[in-house]
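See below for the structure under consideration.
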Amino acid sequence: MLIAADKTYLDGSLCPGLALEIQGGQVRALRPLGRDRPDLSVSVLAPGLTDLQVNGGGGVLVNTSPTPEGLRAIRAAHLGLGTAALLPTVITDAPEVLEAAADAAIACRGEPGLEGLHIEGPHISARKKGTHEARHIRPLDQRGMAVLRRLRAAGVPVLLTLAPEETDPALLREAVAMGVTVSAGHSMASADQARQAMADGVTMFTHLFNAMPQMESRAPGIIAAAILSDAYVGLIADGIHVDWDALRVAMAARPRVDRSFLVSDAMPTVGGPDSFILYGQPIHVDNGRLVNAQGALAGAHVSLLDCVRRLVAHTPVPLETALQMASDIPRRAMGLAPLRLEAGLPVDQVLALDGPELARVSLPLAP
């Protein structure tokens, strides 16, 4: 089967005149279309997206299903929405939940699309906990370090979100030394504290603007430190968690354009029912917002492809940059090899989009 595209994402650019040969459920070759007649034509071809912050999907939440089967179900739900690879994200919970999630990530090591584990909390600021459960918040300690050591010994990539001002710097540096990617988030850190954390090895900031004190003229805080740094910065581009003007200002002020990436912060409602239970409390979709009983945001009801579409629709960011922010940049941030449209790539990891709305086109898995 030959699939032609108006533009094909290749090495960070959208290139015209290319076609994808598919055979046996895999990419056989990416080549110029030439005079050949394609079996299918679409607007855009790209590798599937990579999401570093996925709490759930398809009705499954990592925290309530910290098992290999749970992680696989979440991956399957997002694969059907254009995300080929992800970091299942376990949020603040009892130590036993974190340890079970680590066991599951180790069991799934090497499976397509399950790239590791994102541990978001419990080592966060109680003042910026968001929807995280306060009773489970605790400093990074030797029990937490043991989980990190076990994951890294098994070769599992780990992203750890913590509040640097609440963390022993020696333990932070030890985590970095063992190959953990440490991100600052859910934090009350001042600008100076954030910069010291970067000196200690923090290389990322989790969902910029959210669960952080907002900038003031004489207290720029962690947000300003993140924006003005060379660190990687995650953004939830759903138009709900961050106003489009704030997002545009942040991106314009960054010294390196290749250090901002998109995350979905997706919850079980993505590809699943419109409500679920978190910490024993109901969470539901309300006008596109995912909220708890008090009306506070509780994660996001978007896929990563939704974020790409919304970013392109509501900001001057071109599609090729938005695709970089949802593929190559997050993979570099985690030290992962790029996903490319090349021989051997499974068809279900190819993203085909069509029309001005960038509608996803399902590609046949056979012959």
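Couple of notes before you dig in:
- Residue pairs meeting the criteria (Cβ under 6 Å; at least 6 apart or on separate chains; first open to solvent by 60 Å² or more (accessible area, probe 1.4 Å), in region 252-278; second of a type in the set (Val, Ile, Thr)): Asp274/Val285
- Within region 208-219, the residues that satisfy the criterion of being open to solvent by 10 Å² or more (accessible area, probe 1.4 Å) and within 22 Å of Phe261 (Cα to Cα) are Phe209, Asn210, Ala211, Pro213, Gln214, Met215.
- Exclusive hit being hydrophobic (A, V, I, L, M, F, W, C), on the phi > 0 side of the Ramachandran plot and at pLDDT 95 or above, set Ala211, Ala224: Ala211
- The set of residues from region 178-194 being over 23 Å from the mean Cα position of the chain (by Cα) and surrounded by fewer than 17 Cβ atoms within 10 Å (Cβ to Cβ) comprises just one member, Asp192.
- Filtered residues of region 292-308 (kept if farther than 12 Å from His241 by Cβ and open to solvent by less than 10 Å² (accessible area, probe 1.4 Å)): Ser303, Leu304, Leu305, Val308
- Cβ-Cβ under 7 Å pairs, at least 6 apart or on other chains, region 103-120 side over 13 Å from Ala153 (Cβ atoms), far side among the β-branched types (Val, Ile, Thr) and outside any strand (DSSP E or B): Ala104/Thr67; Gly116/Val156; Leu117/Val156; Glu120/Thr206
- All conditions but one from (1) farther than 16 Å from Gly56 by Cβ; (2) in a loop (DSSP other than H, G, I, E, B) apply to Val302; the one that does not is (1).
- Condition met for Pro32 (over 19 Å from the mean Cα position of the chain (by Cα) and without any contact (Cβ under 8 Å) to a residue 12 or more places away in the chain): no
- Among the conditions (1) more than 22 Å from Gly299 (Cα to Cα); (2) open to solvent by less than 20 Å² (accessible area, probe 1.4 Å); (3) β-branched (Val, Ile, Thr), Ile124 misses just one, which is (1).
- Listed here are the strands (runs of 3 or more DSSP E) enclosed by region 22-99 that have at least 2 residues being open to solvent by less than 10 Å² (accessible area, probe 1.4 Å): 40-47, 49-54, 83-91.
- Residue tally, condition out of contact with any Leu (no Cβ under 9 Å at 6 or more places or on another chain), polar (S, T, N, Q) and assigned to a loop (DSSP other than H, G, I, E, B), over region 266-299: 2
The values are calculated or read from the model by the stated rules, or taken from the named source; none is laboratory data. Since this is a predicted model, take the numbers as computed values, not measurements. Neighbour counts are summed over all protein chains in view; Cβ atoms, including those assigned to glycine, are modelled from backbone coordinates with ideal geometry. Remember, those area values only see protein heavy atoms, side chains included, never the ligands or the DNA or RNA. Shrake-Rupley method; radii C 1.70, N 1.55, O 1.52, S 1.80 Å.
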